[in-house]
Amino acid sequence: MNNAIRVNGATRLYAIVGDPVVQVRSPEVYCERFAQAGINAVLVAAQVSPANFDVAVPGLMALGNLDGLLVTAPFKARMASLAQRLGSAAACIGAVNALRRESDGSWSGDMFDGAGFVRGIERKGRRLQGRRVLLFGAGGAGSAIACALLVAGVASIRIVNPEAEKTEALVAALRRTFAQADVQAAGDDRSGFDMVVNASPVGMKPDDGLPGPLGPLSPEVLVGDVVVSEAPTAIIREAVAHGSPWVNGHDMHSGQIEAIMAFFHPDAQRAASAA
């Protein structure tokens, strides 16, 4: 089978929307997956500033040959309002990272960051059950990861985020969905955690440091980072220095590709496996 990407008038379009987008790997990954599955489609990066969002994104979604969108920072929560229906994860946290155009022209959205993050951890053979989690970030990725970690059975989550209102909103949403969840804003004491997760944008720039004080690291503390970077981010470097097992943005990204391909095109996963 020839898996070369060919673009013609019948090619269906997908885009990843964010600001910035120079760091994203989705175009190369999904274009290759589409080609492997025999789907005449391409995915491109679309940089949209927050100030232009209300003009640019609805205009993009109005294109007749656009079938789907991926969403990255800072628009995961903002994009949820543009979907006519939401999947369970997206409904829990009010954010999406993928939207699909339905046959009637309406849009469905869901959030796959959390499922991808958990799958990346499981692929490395690390347990989640009973862990006490320090989570940096209460945005779209942080919310999705918190939801998925609770489903996976972590014992508690403490959230660090500079916007108190956003943190409180996430805590309330998680408690509504998980009635017995031990979730609250983190205090100053960073001891007692055996899992630390950076789900904030810190690390996207090469000179970024840590998202905040991590507390003591050791081989018993699992470290996670959502940032996709060719060079190890500061938090991953700290994990390596202290012998802590880790997962990074590449692990999370790999973990959610299959789920998103199936979301975009129900037959894509089966076709790619058979190629």
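The values are calculated or read from the model by the stated rules, or taken from the named source; none is laboratory data. Quantities reported herein were computed from a predicted structural model and do not represent experimental measurements. Cβ placement follows ideal geometry from the backbone for every residue including glycine, while neighbour counts extend to all protein chains displayed. Accessible surface is based on the protein model in full, side chains and every heavy atom, while ligands, DNA and RNA are left aside. Shrake-Rupley method; radii C 1.70, N 1.55, O 1.52, S 1.80 Å.
Taking a straight Cα-Cα cut-off under 29 Å and skipping sequence neighbours fewer than 8 places away in the same chain, the lysines within cross-link reach of Lys166 are Lys76, Lys205. Could you please state how large a percent of the accessible area of the chain is carbon and sulfur, counting protein chains only and using a 1.4 Å probe? Using a 1.4 Å probe with all protein chains present, the chain comes out at 52 percent carbon and sulfur.
Each principal axis of the Cα cloud of segment 7-61 was taken in turn, and the coordinate range along them, longest first, works out to 37, 25, 13 Å.
Per residue, how much accessible area does the chain have with a 1.4 Å probe, in Å²? Don't jump to the answer; show the numbers that get you there.
On the way: 12450 Å² over 275 residues.
Per residue, the chain has an accessible area of 45 Å².
Taking the three principal axes of the alpha carbon atoms in segment 36-119, the coordinate ranges are 37, 32, 25 Å, sorted in descending order. A convex hull fitted around the alpha carbon atoms of segment 101-212 yields 150 Å³ per residue.
Roughly what % of DSSP beta bridges within segment 3-132 run antiparallel, to the nearest 5? Don't skip to the end; give the middle numbers.
Numbers: 7 of 21 bridges.
Rounded to the nearest five, the antiparallel share is 35 percent.
Extending 7 Å from the Cα toward the beta-carbon at both Phe178 and Gln84 defines two label points whose distance is 3.3 nm.
In the context of the full protein assembly, Trp107 retains an accessible surface of approximately 10 Å², using a probe radius of 1.4 Å and ignoring ligands and nucleic acids.
Each Cα pair of the chain feeds into the Kirkwood radius, which the Stokes-Einstein equation turns, at 20 °C and 1.002 mPa s, into a diffusion coefficient of 112 µm²/s. Heavy-atom accessible area for Leu86, with the other protein chains in place and a 1.4 Å probe, reaches approximately 70 Å². How large is log10 of I(q)/I(0) for segment 158-244 at q = 0.10, 0.12, 0.20, 0.26 Å⁻¹ when the intensity is taken from the Debye formula with one equal scatterer per alpha-carbon? One equal scatterer on each Cα of segment 158-244 leads to -0.28, -0.41, -1.01, -1.30. Among Gly224, Gly137, Gly64, the largest mean-square fluctuation in a Gaussian network model of the chain, built with springs joining Cα atoms closer than 10 Å, belongs to Gly64.
Only bridges with both residues in the chain count here: give the DSSP antiparallel percent, nearest 5.
Details: 7 of 39 bridges.
The answer is about 20 percent antiparallel.
If packing is taken as the average count of other Cβ atoms within 10 Å, what order do 23-34, 196-207, 6-17 fall into, highest mean first?
Numbers: 23-34: 17.9, 196-207: 20.5, 6-17: 15.4.
With the highest mean Cβ count within 10 Å placed first, the list reads 196-207, 23-34, 6-17.
Quick one: compute the contact order of the chain, relative version, from alpha carbon pairs under 8 angstrom and 6+ residues apart, as a percent. Reported as a whole number, the value is 16 percent. Simple spin-label estimate for Ala169 and Arg123 gives 3.2 nm between the two label positions (7 Å along the Cα-to-Cβ direction from each Cα).
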